[in-house]
Amino acid sequence: MVIQGYPNPGEGLRLHLNENTGGCSARVLEAIRRVRPSDVSTYPSYGDAVIATARHFGVDPDWVLLTNGLDEGILMAAVGHIARARIHDAENIIPLPAFDPYPNSTAAVGATAIRIPPGPEFAFPTDAVIAAITPRTRMIFLNTPNNPTGQLIAIADLKRISEAAPKAVILIDEAYIEFGGTSFLPELPRFRNVLVGRTFSKAYGLAGLRVGIVIGHPDVLDPVRAVTLPFNINGVALAALDAALDDTEFLPRYAAAVRESRERLYEACRRLGLRYWPSAANYVLVRVGEAAPFVAALAARKIHVRDRSKDPVTPGCIRITAGIVEHTEAAIEALESVVAAGTRSAP
Ligand SMILES: Cc1ncc(COP(=O)(O)O)c(C=O)c1O
């Protein structure tokens, strides 16, 4: 039987989807409690939310498209720029390792995925990406910090790629930028071929409500807007978004917890002899050797992490969400117990 969505791992600590392990701001829950019957019975209006979000990100409201999670923004960017434009020989460049919706959206619009492997230690392959650009290139997906490696792409490299492909749409996915690195947003006014994607699922803790945002010059954003369904975000999510933007203390507090958690995970990995990659995001990629039994052993200890070993670019690796420090400590205890029990071959 195939059931919609991602499987529920069951009871325990969810460190497998890079969610906010501390939940959302208390103000968000208060705003949801204040939702009126008419907010539920009427179709949502997006004007206020778009203006508030545009102000938050320092851009004009017509540069903003709110989406049902950034996932929807990724798909709609491909639909708007490839399917709607009836381009039949489109190539989308996807540096690896990559977030699944990039190849999935590419396939959904009948485009060809041009996959570019990373350099040593997951160094971003800027020259190889530029070398892969052809007249057929329609989209280039750039994810910084990268999921799952946590590596950043330098702003200079983002610019070089965007300048090298003026006819393509560059989608810079900054889903985790609140945890480390520099946003491309200040550069955006100089690039009419670049979309920046952000999400409220991670740092803001709204994953269950599904709010993302695609930002860009109207030249590159309007084709995406044209295919996005008119009522794509529900009214409860809008109320939550407003409250999340208002709570200016929530995000820096959580980002500090994530930084502390990352350090503790690195330290534990060093102690346990596990290879890890320093991350700018709210997760750490760790090489454990045989990943499947390791992940199962952690799950038996009620710690759920992501098995990344099936991706040929990250063999033997798992990805652990770094959130509230107390949760990270529980994960470290489980890691220690699994390593001590010998559920590991040489990484
Ligand atoms: C790299 C990256 N981009 C985008 C998203 C989409 O997030 P959402 O659809 O929850 O906004 C995720 C979520 O895991 C992600 O890892």
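Remarks
- With neighbours defined as other Cβ atoms within 10 Å of a residue's Cβ, the residues D60, D307 order from fewest to most as D60, D307.
- Sequence-distant contacts, meaning Cα pairs under 8 Å at least 6 residues apart, place the relative contact order of the chain at 23 percent.
- Rounded to the nearest 20, the Cβ-based charge dipole of the chain about its Cα centre (Lys and Arg +1, Asp and Glu -1) stands at 500 debye.
- The residue list F294, V224, Y266 was ranked by how far each Cα lies along the charge dipole of region 214-312 toward its positive end, using unit charges on Cβ atoms, and F294 comes out on top.
- Distribution of pairwise C-alpha distances over the chain, 10 Å bins, in %: 5, 25, 32, 26, 11, 1
- Loop-exposed GluC sites (Glu not before Pro) per DSSP, neighbour cap 15 Cβ within 10 angstrom, longest uninterrupted part of the chain: 12-248
- Pairs of Lys residues in the chain are counted when their Cα atoms are under 30 angstrom apart and they lie 8 or more places apart or on different chains; the count is 5.
- Inter-centroid distance (Cα atoms) of region 254-272 relative to region 1-33, Å: 22 Å
- Positive-end ranking of Y46, T137, A243 along the dipole of the chain, with charges on Cβ about the Cα centre, is headed by T137.
- Expressed to the nearest 5 percent, the antiparallel share of DSSP beta bridges inside the chain is 50 percent.
- The trypsin sites (Lys or Arg not before Pro) of region 267-344 that meet both conditions, a loop assignment by DSSP and at most 14 other Cβ atoms within 10 Å of the site Cβ, are K302, K310.
- Placing +1 on the Cβ of every Lys and Arg and -1 on the Cβ of every Asp and Glu, with no other charges, gives region 158-254 a dipole of roughly 360 debye about its Cα centre.
- Here H88, H304, H81, H56 are placed in order of increasing Cβ neighbour count within 10 Å, fewest first, which gives H88, H56, H304, H81.
- Each Cα pair under 8 Å and six or more residues apart adds its sequence gap; the mean of these over the residue count of region 236-347 is a relative contact order of 29 percent.
- Given their separation in residues at 0.36 nm each and the Cα-Cα distance between them, I87 and V2 gain 27.3 nm when the chain is fully extended.
- Global geometry of region 6-85, whether rounded, prolate or oblate, following the gyration tensor of its Cα atoms and the 1.5 cut on a/c: oblate
- Exposure proxy ranking, count of Cβ atoms within 10 Å, fewest first, for I177, I172, I3: I3, I177, I172
A short reminder: the numbers here are calculations on the coordinates, not readings from a lab. Just so it is clear, the structure is predicted and the values come from calculations on it, not from any experiment. With ideal geometry, Cβ positions are generated from the backbone for all residues, glycine too; neighbour counts draw on all protein chains shown.
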